DNA sequence: AATTATTTGTCCGTATGTATG
DNA sequence: CCATACATACGGACAAATAAT
């Protein structure tokens, strides 16, 4: 998947750090040694190192060598770091943290959308909602239509920073949720129909420019989905206990 | 300031892109040319490029060369990108967006703190508040004490992701605000005394575990400070109109 | 469809800078 | 002050990919 050798090595080293296989404070092998270990040139190793230090996972200094930086220095909002952390064995706590941020940001974004949406935005949102309505009977189409709807709302906030943030956030959640998503889909059309109503409520408030209304309805939507998720998780656990 | 040549070049190229001097879609000079232009080796150029592509500011492919990626692909939550954007000429819109995110995140973090703070956290928060109280008469000490107080609250949220996010956020705002800060400080002890009360209210709610109370009080605090800022900005503008 | 030109990607020998012992 | 060990920097060579001819 990675395009070139240095990206490959970057992912290998990066995930080993984020997943705790290399602890903060630990000294990495010197460039020459790594080059031999991985069978690549020093150039490739050095370029991978640049990727790691751009994410503040490591710090290099002459003579001392290259050490893994403490967790609080890491740039957690890098999509790769999030992806590596979400792919870790023990990721429950991390996913909860991601969810907490989402619960804070999405309603705020919708509130902004209600304030800032122009005619073009509203047309786009309406269109996405129609597509959502049409795909209420299809498991596969629903997921894509749902994402597109949220993206249209997000775009209407006219805040690039929030868009970027929520996007990386969603990707992180998505990666570790595709199994759970399947579970939710199994719930069938009825829960999707319920979700559809909640989506329409959000849309209406945005179109009418009712900021706080829009924010609260998004909160309701998120909490409902989260409750559904928990219920079905519990149910599955009951059916197949380990 | 930058430690080595490649970081120097990275900052030069990175800020020129973020500040719009090199537009999305534009083709960068090839490695060899850049190497000659800047008087550094190709190795240095290549390593700087790695830094830019880690931040998704550029994309390279063989034969085609290296192009500046569209703004929506950029990793906006990289501290360097934020710093470059905050240092731009036309940064009003960017600062507003940063502020909007802050207004969403800080109250959410305080709410979490009210939920999750343990004895240790509470002791730390109390301590920071005492320092804040003691520095109400000193312009210089206040800024540092205020930051420390917010950091202690943030730490009590027990959410590394939020901490990281708000920290980079604050650094971005701080960089472009140090002039405005001076203005606010000029307001004298009275406004600081008012702010102190608001801080105490937040602290109390956190200690008592009143989540929504804590969130709302932080919202009040932020809005009050923002209002004070605007008032003094307007006043200064009146005194010295351009 | 085959060839060529151009640019990134990769390798490596070598030299320099810097902090440690 | 010298020796050592590491990152940093330089540049020539070749490989791989792809747009243009």
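The values are calculated or read from the model by the stated rules, or taken from the named source; none is laboratory data. Being a predicted model, the structure only gives us computed values, none of them experimental. Here Cβ is always computed from backbone atoms with ideal geometry, including for glycine, and neighbour counts include all displayed protein chains.
Among residues of the stretch A:46-70 being assigned to a helix (DSSP H, G or I) and under 19 Å from residue A:84 (Cβ atoms), the one that is nearest to DNA strand D (Cβ to nearest atom) is A:49.
Evaluated against (1) within 9 Å of chain A (Cβ to nearest Cβ); (2) away from DNA strand D (no atom under 16 Å from the Cβ); (3) on the phi < 0 side of the Ramachandran plot, residue B:81 falls short on exactly one condition, (1). If you go through the stretch A:197-211 and keep only what is in contact with a helix residue (DSSP H, G or I) (Cβ under 7 Å, 6 or more places away or on another chain) and in a helix (DSSP H, G or I), you end up with A:198, A:199, A:200, A:201, A:202, A:203, A:205, A:206, A:207, A:211. Search the stretch A:25-40 for residues being touching a residue at least 24 places away in the same chain (Cβ under 8 Å) and in a loop (DSSP other than H, G, I, E, B), and hand back the single one that is surrounded by the fewest Cβ atoms within 10 Å (Cβ to Cβ). Applying the filter and picking the extreme gives A:25. More than 15 Å from DNA strand C (Cβ to nearest atom), closer than 22 Å to residue B:168 by Cβ and not in a strand (DSSP E or B): does that describe residue A:14? In short, yes.
Table: residues versus (1) touching a strand residue (DSSP E or B) at 6+ places or on another chain (Cβ under 6 Å); (2) assigned to a helix (DSSP H, G or I); (3) buried (at least 16 other Cβ atoms within 10 Å of the Cβ); (4) modelled with pLDDT under 95.
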position: A:153; (1), (2), (3), (4): no, yes, yes, no
position: A:158; (1), (2), (3), (4): no, no, yes, no
position: A:161; (1), (2), (3), (4): no, yes, yes, no
position: A:164; (1), (2), (3), (4): no, yes, yes, no
position: A:172; (1), (2), (3), (4): no, yes, yes, yes
position: A:176; (1), (2), (3), (4): no, yes, yes, yes
position: A:179; (1), (2), (3), (4): no, yes, no, yes
position: A:191; (1), (2), (3), (4): no, yes, yes, yes
position: A:195; (1), (2), (3), (4): no, yes, yes, yes
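Against the list (1) in contact with a strand residue (DSSP E or B) (Cβ under 9 Å, 6 or more places away or on another chain); (2) more than 16 Å from DNA strand C (Cβ to nearest atom), the condition residue A:65 fails is (2). Residues that are within 18 Å of residue B:8 (Cβ to Cβ) and without any contact (Cβ under 8 Å) to a residue 24 or more places away in the chain were ranked within the stretch B:51-77; the one that is farthest from the other protein chains (Cβ to nearest Cβ) is B:53.
Restricting the stretch B:41-50 to residues that are within 11 Å of DNA strand C (Cβ to nearest atom) and crowded, with 18+ Cβ neighbours inside 10 Å, the residue that is farthest from the other protein chains (Cβ to nearest Cβ) is B:45.
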